[in-house]
Amino acid sequence: MRVLAAMSGGVDSAVAAALAAEAGHDVTGVHLALAKNPQTYRSGARGCCTLEDSRDARRAADVIGIPFYVWDMVEEFQEDVVDDFVAEYAAGRTPNPCLRCNEKIKFHAVLERALALGFDAVVTGHHARLGADGLLRRSVDAGKDQSYVLGVLNSHQLAKSMFPLGGYTKEQVRELAAARGLGVAGKPDSHDICFIADGDTQGFLAARLGSSPGDIVDSETGEVVGAHDGAYQYTIGQRKGLSIGRPAPDGKPRYVLSITPVTNTVTVGPRAALEVSTVTGDRALWLAPSPGGAVQVQLRAHGEVHDAQVSVVDDEIIAVLGKPALGIAPGQTMVVYQPDPAGDIVLGSATISAAR
């Protein structure tokens, strides 16, 4: 099979390409150029997409013995990931840019270009398993599992994808890289949002959305207890950096409960008010028959898994949680799993629109 290996310059994608080649596939490596100024996307172990990453990917491809190319995806990445990220925060939602990158770039723009060029599938270094039955399952390495960020892919995209690392732990992947001399065995994983290399999300947003002063309001008293310079600087469940001038009557910390862009208001209140038992998601996508009954839902990329009863109404998923969850924000993604001894199965996903 003729396959395209997406090579970021990290250890996972390099090993995935090597394993695909060793399995007898005709592999071509491709590095995605996503940044107008690559050096702004890296600060130490943070970020990605620098010229160094491109060179690391090329060296790994040379060791594997496969052709290698760089594809310019700067405009697509800017529009579908970076601009979307800013717009979602401006609308009072909390996006996941890694999920959006998978949905719009790696498994849409890249995959469709690959298919147009005659490739049969795209290989990536994601830690997830894709069986012969076409079902997406969690990785054997629970700590590195990335099935959540792949939950937005549709059946067509999954049918044209390969994830060779799902049966390995991260430690084993590094050992495989070292044994093959790929040159990236000890390279640290990238962290946080790749296009905010210094980790300062508030500063990044402020530079693009500007100052927009508004009130911070106490949910229990209705009083204005502080001021903000932009509601986009806050997320549901946030406790620190609230700029509240006086403590709550009971002396306990306040948390961000809601963000209302229309009135430019941030509402704060007690931790208990963050608890939600029902989560609704729209734009539902199903990879398996729509479930009725007990399943599990994951509401953040590295969040807790909740037992839930799920119902489907039109394109909405309504999940009633077995126990309350905290700090669930609109814009995040709900991924639905079916517990399975061979690896929990991804049934589908939806974008969270409400939680109560």
* To do: Note down all Cβ pairs under 7 Å where the first residue falls in region 60-87 and is under 16 Å from ILE193 (Cα atoms) and free of Cβ contacts under 8 Å to residues at least 60 places away in the same chain, the second is surrounded by 15 or more Cβ atoms within 10 Å (Cβ to Cβ) and basic (Lys, Arg), and they're at least six residues apart or on different chains.
  => ASP80/ARG100; ASP80/LYS104; ASP84/ARG100
* To do: Go through the residues of region 220-230 one by one and say whether even a single one is modelled with pLDDT under 95, over 26 Å from ALA272 (Cβ atoms) and polar (S, T, N, Q).
  => no
* Residue check, TYR232 among the aromatic types (Phe, Trp, Tyr), in contact with a Lys or Arg (Cβ under 8 Å, 6 or more places away or on another chain) and either in contact (Cβ under 8 Å) with a residue 24 or more places away in the chain or under 17 Å from PRO330 (Cα atoms) (or both) -> no
* Output the number of the condition that ARG300 fails; it satisfies all remaining conditions of (1) out of contact with any strand residue (DSSP E or B) (no Cβ under 8 Å at 6 or more places or on another chain); (2) at pLDDT 95 or above. => (2)
* If you check ARG55 against the conditions, is it at pLDDT 95 or above, in the same structural domain as PHE163 (by TED's automatic domain parsing) and charged (D, E, K, R)? -> no
* Asked: Which one of these is modelled with pLDDT of 95 or more and assigned by TED's automatic domain parsing to the domain that holds VAL149: LEU205, LEU176?
  -> LEU176
* To do: Report yes if some residue within region 169-182 is surrounded by 22 or more Cβ atoms within 10 Å (Cβ to Cβ), part of a loop (DSSP other than H, G, I, E, B) and not acidic (Asp, Glu); otherwise report no.
  => yes
* To do: Would you mention how many residues in region 322-356 are surrounded by fewer than 20 Cβ atoms within 10 Å (Cβ to Cβ) and either on the phi > 0 side of the Ramachandran plot or not in a loop (DSSP other than H, G, I, E, B) (or both)?
  => 8
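The values are calculated or read from the model by the stated rules, or taken from the named source; none is laboratory data. Everything numeric in this text was worked out from a predicted model, so none of it was measured. In this analysis, Cβ positions are derived from the backbone assuming ideal geometry, glycine residues included, and neighbour counts consider all displayed protein chains.
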